[in-house]
C-alpha cells in the first residue's frame, strides 16, 4: 500500500468498515477477462477467520467461474462528501480489499449464512425458513485469507 498513513491496521477496525459497506464487489478469474459482480453479503467469524456470505441462483456465470477457480478478490467502500483543499478536491472514504477462497456453504451454514445477510441489511428477524425462494438459492462463503483497509477521513 503506497499511502501507509491511510492504512487501517487493526482487523476489528477493518471489519467495522466492511460492515458499513452497502455492497461488496467480488472479482472472479475469468477466462479472457476478470469478472466483477456486486453482491449482497453478510459477515461472520469462524474460528479465527473472517467469512463473507453471499447467495445466488443454482446456475449461471458466477457459479461456473467458482467451479473453474474459487480464488476471488473482494472490494467494498464507503464514500463521503468530497472536500476542496489547496490541492483540489479530495474524496473522503473508507475501503476494504480482501482475498479468499469461495466454497458452497455447508448444509448447517445455509440459514446462519442467510441470517448474516438479512441482518446486514437491517432485517435480523426475517423468517428465512418460510421464504419460498429458499430451495432455489445457493449460499456461498468466502473464507478470507487476507484483508486490508484504507481510509481518508476529514481531519
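The values are calculated or read from the model by the stated rules, or taken from the named source; none is laboratory data. The shown structure was predicted, so the numbers you read here are calculated from the model rather than taken from an experiment. Neighbour counts are summed over all protein chains in view; Cβ atoms, including those assigned to glycine, are modelled from backbone coordinates with ideal geometry.
Numbers below:
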item: The listed residue being outside any strand (DSSP E or B), at pLDDT below 95 and closer than 19 Å to residue 35 by Cα, out of 66, 111; result: 66
item: Pick from segment 27-51, criterion closer than 21 Å to residue 133 by Cβ and out of contact with any helix residue (DSSP H, G or I) (no Cβ under 8 Å at 6 or more places or on another chain), ranking: surrounded by the fewest Cβ atoms within 10 Å (Cβ to Cβ); result: 38
item: Test for residue 58: is it at pLDDT below 95, in a loop (DSSP other than H, G, I, E, B) and touching a helix residue (DSSP H, G or I) at 6+ places or on another chain (Cβ under 9 Å); result: yes
item: Pairs with Cβ under 9 Å, 6+ apart, first in segment 141-155 and without any contact (Cβ under 8 Å) to a residue 60 or more places away in the chain, second surrounded by 20 or more Cβ atoms within 10 Å (Cβ to Cβ) and outside any loop (DSSP other than H, G, I, E, B); result: 145/98; 145/100; 146/98; 146/100
item: Residues satisfying the stated conditions in segment 26-55, i.e. within 17 Å of residue 110 (Cα to Cα) and at pLDDT below 90; result: 46
item: Test for residue 96: is it touching a helix residue (DSSP H, G or I) at 6+ places or on another chain (Cβ under 7 Å), free of Cβ contacts under 8 Å to residues at least 24 places away in the same chain and surrounded by 11 or more Cβ atoms within 10 Å (Cβ to Cβ); result: no
item: Of all residues making up segment 115-148, the number that are in contact with a strand residue (DSSP E or B) (Cβ under 6 Å, 6 or more places away or on another chain) and not in a strand (DSSP E or B); result: 4
